[in-house]
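Scroll down for the structure; my scribbles are underneath it.
Every number in this text was worked out from the coordinates using simple rules, so none of it is lab data. Keep in mind that what you see is a predicted model, and the values were worked out from it rather than measured. All Cβ positions, even for glycine, are placed from backbone atoms using ideal geometry, and neighbour counts span all protein chains on display.
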Amino acid sequence: MAPRGFARSPVGMAIIAWRVWQRLPPSARRHAFQVARKHGFKVATTHGPKLASLVAKRKRR
């Protein structure tokens, strides 16, 4: 598996997400898209600013 530092970076998370996505069967992929279309904007507006501030605090350390 990837070293810890790489897995925590945005690039590492994208690679991990891509590998998980590839393993999903087509029906699960369709379901994930449906859920993202329905709830994605609400989740992004609710949790996005909190996550952005958390990332900024970690970068300052």
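Dipole magnitude for the chain: about 240 debye, using +1 per Lys or Arg Cβ and -1 per Asp or Glu Cβ, origin at the Cα centre.
Which residue, Leu54, Phe41, Met13, has the largest displacement toward the positive end of the dipole of the chain when charges sit on each Cβ (Lys, Arg +1; Asp, Glu -1)? In the chain, that residue is Leu54. Compute the FRET efficiency between His39 and Arg61 as 1/(1 + (r/R0)^6), taking r as their Cβ-Cβ distance and R0 = 30 Å, and round to the nearest 0.05. Computed FRET efficiency for His39 and Arg61 comes out at 0.40.
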